[in-house]
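Beneath this line is the structure, given in structure tokens, with notes to follow.
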Amino acid sequence: AVHYYTQPLPNPLFWYAHHLPAWFHKATTVATLLVEGPMCLLIFSPWAWHRYLMFALFLGLMVGINATGNYGDLGLTTIVGCLTLLDDSLWTSKPASLIGLDALGFIRLFVIILVVLVYISVSLVPLIKAARGRIPIQLPAMLLKAHEVLSPFQFLNSYGLFGSMHDFRMELSIEGSYDGQVWHRYLFKYRVGDPTKRPPILLLHWARLDWHLWFVPLEFVMAKQHLQPPHLHQVDGWYAAFIGQLLVNSTRVLRLLDHNPFRERPPMYIRSMFYDYKPSDKGQEGLSWQMTGPVNQYGLPLMRPPATTTPGHTGTDTGVEGPTSDPERHTGGMTAPNSNGETLDRVPNPAPGPDEVSHDPNLSCELKKPVSLRARRGHQQGEEE
């Protein structure tokens, strides 16, 4: 059941699929594991009806996955690839190819079996790596060497973008402020954000920015699990550049968003907060999601230098503390360029005031004080001691 609401960009049908009976979720889970696991061997079968069966199962799987989510052309690409499972006789007048009992037929069958065994054996290497230690198996050195030799040819890869499941949905909320106390959030066209907004249906449209932002919370959680404290205060370069464009109200970047709460002039600060989302319960009219948080913070707020001018706004913002030369207030010298070639300093959280309520008319929710990850981690270590 968690797949329907944890997928990158769900569509409106996800809510109904999530609330289906438990027996349906168990049955579809077993069917998926069978189709994507042992039954895949049938695609190597010399008998055409085995391949026809797998084509039908793969087609049904892709239709089911895309029925509740927006995956662009991924499903269609997979279906096109599965067309190779169909026999040539379906497209031409050439009779179906069958393996006879003659010598040539036995040789073909032997080669097929040999290729399948090698393929399955070497595929164990990325499978064990994807398990991240949950499968305690020591693979032979010869198998590791074979995988190293074949890897450049892209014959064998890990499961893909969704090699493991997670049972949570944590969304990144990008919020701006003039004074560091009252924050207003940016809203996106396709991402989960406003709990009252129904998810869109995109068909083959690929919302690259919204899709890419879905991976940020997952990477953050993985960094925490692997105990990488320095990385918890850092953000990816592309993300810092994206925030830098928001700090100068870049028209090209703002076209990708659904709502900009700073139309008159850009904000002085932008912070990135994580919120938990779960599907709304039955009977909660007007809501698609239940939103709680913030539960954590991504990096530290970025601040626009006070002297920065932007199109449509001249002069200098006043009343807000500017960048300081105190090295203890910075985070290792990380900067992000803006459209004018200037740099944006990463600074600690501006002194937060009491809990404020967002004045965004499209999404009104209470935004709590951001909590320093360093302080949170220190508090947890103190409790353990």
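The values are calculated or read from the model by the stated rules, or taken from the named source; none is laboratory data. From a predicted model like this one, the values you see are computed outputs, not experimental measurements. Because the Cβ atoms are built from the backbone with ideal geometry, glycine has one as well, and the counts that use them run over all protein chains shown. What goes into the accessible areas is simple: the full protein's heavy atoms, side chains included, and nothing from ligands, DNA or RNA. Shrake-Rupley method; radii C 1.70, N 1.55, O 1.52, S 1.80 Å.
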- [ ] Looking at (1) closer than 30 Å to residue 64 by Cα; (2) surrounded by 18 or more Cβ atoms within 10 Å (Cβ to Cβ); (3) not small (Gly, Ala, Ser), find the lone condition where residue 284 falls short.
- [x] (2)
Open item on the list: For a quick check of your reading of the model, give me the residue pairs whose first member lies in the stretch 189-212 and is assigned by the TED database to the domain that holds residue 274, whose second is open to solvent by 70 Å² or more (accessible area, probe 1.4 Å), with beta-carbon atoms closer than 6 Å and at least 6 apart or on different chains.
Closed with: 189/258; 204/73; 209/256
Open item on the list: Looking at 248, 235 in this structure, which one is in a loop (DSSP other than H, G, I, E, B), modelled with pLDDT of 90 or more and β-branched (Val, Ile, Thr)?
Closed with: 248
TODO: Give the stretch 4-14 a look and list any residue that's in contact with a helix residue (DSSP H, G or I) (Cβ under 8 Å, 6 or more places away or on another chain) and in a helix (DSSP H, G or I), or say none.
DONE: 4, 5, 13, 14
Task: Residues of the stretch 52-78 that turn out to be closer than 15 Å to residue 211 by Cα and either charged (D, E, K, R) or touching a strand residue (DSSP E or B) at 6+ places or on another chain (Cβ under 7 Å) (or both), as a count - done: 2
TODO: Determine whether the stretch 267-276 contains at least one residue that is under 28 Å from residue 5 (Cα atoms) and without any contact (Cβ under 8 Å) to a residue 40 or more places away in the chain.
DONE: no
- [ ] Pull up the stretch 162-201, narrow it to residues that are touching a helix residue (DSSP H, G or I) at 6+ places or on another chain (Cβ under 8 Å) and of a type in the set (A, V, I, L, M, F, W, C), then point me to the one that is farthest from residue 304 (Cα to Cα).
- [x] 165
TODO: Give the residue that is surrounded by the most Cβ atoms within 10 Å (Cβ to Cβ), with candidates limited to residues of the stretch 257-281 that are under 25 Å from residue 208 (Cβ atoms) and aromatic (Phe, Trp, Tyr).
DONE: 275
Open item on the list: So residue 29 passes all but one of these: (1) among the polar types (S, T, N, Q); (2) within 30 Å of residue 124 (Cβ to Cβ); (3) surrounded by 14 or more Cβ atoms within 10 Å (Cβ to Cβ). Which condition number does it fail?
Closed with: (3)
